[in-house]
Amino acid sequence: MTSARQIITLITDFGLQDVYVGIMKGIIAQVNSTATLIDLNHQIPPQDVGAASFNLLNAYSYFPKGTVHIVVVDPGVGTRRRAVALEIAEGFLVGPDNGVFSQVLNQSPMIRGVELNNPQYWRSSSPSATFHGRDIFASVGAYLAGQIPMEKLGQWIEPESVVIQNNPGCREIRSQTGQLMTVLGEIQYIDRFGNAITTIPGRYITSPKHEGHWHDGSASGWSLSFRNIIIPGYRTYSDGKPSEPLALVGSHGWIEIAVNGGHAQYQLRLSCGDEVKIQFALK
């Protein structure tokens, strides 16, 4: 049976057209040929740290404790930004200290971490100014998965020194009597199917304990507004009419905008950062 700490996942913005991902895997294999490599996503939009952070958030909890997650979405590569390895309860995070681990750290705080400044565990003591994924992160991740103690990889860093981006959230609007009427949020990610995932947690819809304002999944209980468009809320994609927009709680736990049999991003001209809101039919 493979040890959990022998599992390495990869998230990058390298795409699949070039050899960059394969080179990282080659470096990992040179250091630790027994590691199990799992590709999470190599189609992150170029330099989109927020998209990488969202993808990692929605994946890390599904892996065995001790898994090493390498994330290389690094617009500051070659600059003074730090390279880090961080330990959390579920495993280890390896990558640039640029906020890419923000959403995971907000959910699972860092236990300890190091700045990766010991070149003994790099591929080269003179790393490229443009490819730290190859020269630092792949190598360090492979050593870490091979049970190398963190303290050998570099100097300890304080949790409060790690870059945490202000992740988009949501805001509640209540009536004068305190009843929840509206939740405001924004689009944080658009997936391959064109579904626009918002920053509004699905608990506002699915929890029967949510202040008595929950509903049974029918369209009558809530709706989502985008610009001047009212989008009805449903439980599944197929509950809506073909080619018409709908809102629902996705498998990731967030409310999203979709189109039954279509592409919500193209049809509605959606972009990350667009404001949305859900409204409740209060009784």
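Just so it is clear, none of the values below were taken in a lab; they were calculated from the coordinates. Being a predicted model, the structure only gives us computed values, none of them experimental. In this analysis, Cβ positions are derived from the backbone assuming ideal geometry, glycine residues included, and neighbour counts consider all displayed protein chains.
Some observations on this one:
- Under Karplus coefficients 6.51, -1.76 and 1.60, residue-wise ³J(HN,Hα) of segment 125-141 in Hz, glycine/proline x: 6, 10, x, 4, 7, 10, 9, 6, x, 7, 8, 10, 5, 4, 5, 4, x
- Remark: segment 99-105, residue by residue, has Karplus-estimated 3J(HN,Hα) of x, 5, 9, 4, 5, 5, 5 Hz, where x stands for each Gly or Pro and the curve is 6.51 cos²θ - 1.76 cosθ + 1.60 at θ = phi - 60°.
- Karplus-derived HN-Hα couplings along segment 195-204 (A = 6.51, B = -1.76, C = 1.60, θ = phi - 60°), whole Hz, x at Gly and Pro: 6, 9, 8, 8, 8, 9, x, x, 4, 5
- Across Y189, Y121, Y20, mean-square fluctuation computed from a Gaussian network of the chain (C-alpha pairs under 10 Å connected) peaks at Y20.
- Taking N as its residue count, the alpha carbon Rg of the chain over 2.2 N^0.38 Å: 1.12
- F226 long-range amide H proximity, modeled H, under 5 Å: I231
- Segment 6-81: trypsin sites (Lys or Arg not before Pro) in DSSP coil with no more than 11 other Cβ atoms inside 10 Å: K65, R80
- Per-residue extension of 0.36 nm, minus the Cα-Cα distance of Q176 and S161, leaves a gain of 1.3 nm for this segment.
- Straight-line reach from K277: taking Cα to Cα under 20 Å and skipping same-chain neighbours fewer than 8 places apart, the aspartates and glutamates in range are E172, E186, D191, E211, D216, E244, E256.
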